[in-house]
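Only the coordinates and a few stated rules stand behind these numbers; no lab work does. Note that this is a predicted model, so its numbers are computed, not measured. When we count neighbours, we look across all protein chains shown, and the Cβ atoms used for this are built from the backbone with ideal geometry, even at glycine.
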Amino acid sequence: MKKSINVLALSLLIAFCGCQFSNGQIKDKKRPKAKTAADWKKVLTADQYYILVERGTETPFKNPFFDNHQKGVYVSAATGDVLFSSEDKYESGTGWPSFVKPVDASKIEIVTDNSFGMSRDEVIEKSTGLHLGHVFEDGPSDRGGKRYCMNSSAFKFIKK
């Protein structure tokens, strides 16, 4: 019995020491660019912090990129990684910038969001765990059927 408890304690210690906490979540190799909420607050604007860290949602039709028709790429406001392209942006009528796909699917992750009494597929930046928006199955059927409904404040736009 004592040996089992020691093995369990040692296993827990190894697991705990291999991780550190960031934004209330465990930071590991899966999130190499993660920072604490306090560190993000130092580098993000108030709007970016609200969207990315606090998992907020901006007002539809009153955000910088819902009606942006310029050619270019949308990079993470936190890391500068290219996440979406104007080539994949379309008019969804929702008031948020919507895309049919990310530039590189390995840069994002889809997780379950059970907030506000509903279950949705949340899109996060894989390297940080920060909130970008949600993905829905009501996008253009001729382009894969996905609608990546993103928050403008999660991005910076780089014009081509």
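In terms of other Cβ atoms within 10 Å, Leu130, Leu44 run from fewest to most in the order Leu44, Leu130. Taking every Cα-Cα distance in the stretch 21-159 and sorting them into 5 Å bins from zero, the calculated P(r) comes out as 2, 11, 20, 25, 22, 12, 6, 2, 0 percent. Full extension of the chain between Glu91 and Asp142 gives 16.9 nm of extra length, using 0.36 nm per residue less the Cα-Cα distance. Temperature 20 °C, viscosity 1.002 mPa s: under these conditions the Stokes-Einstein estimate for the stretch 83-160, based on its Kirkwood radius over C-alpha pairs, is 167 µm² per second.
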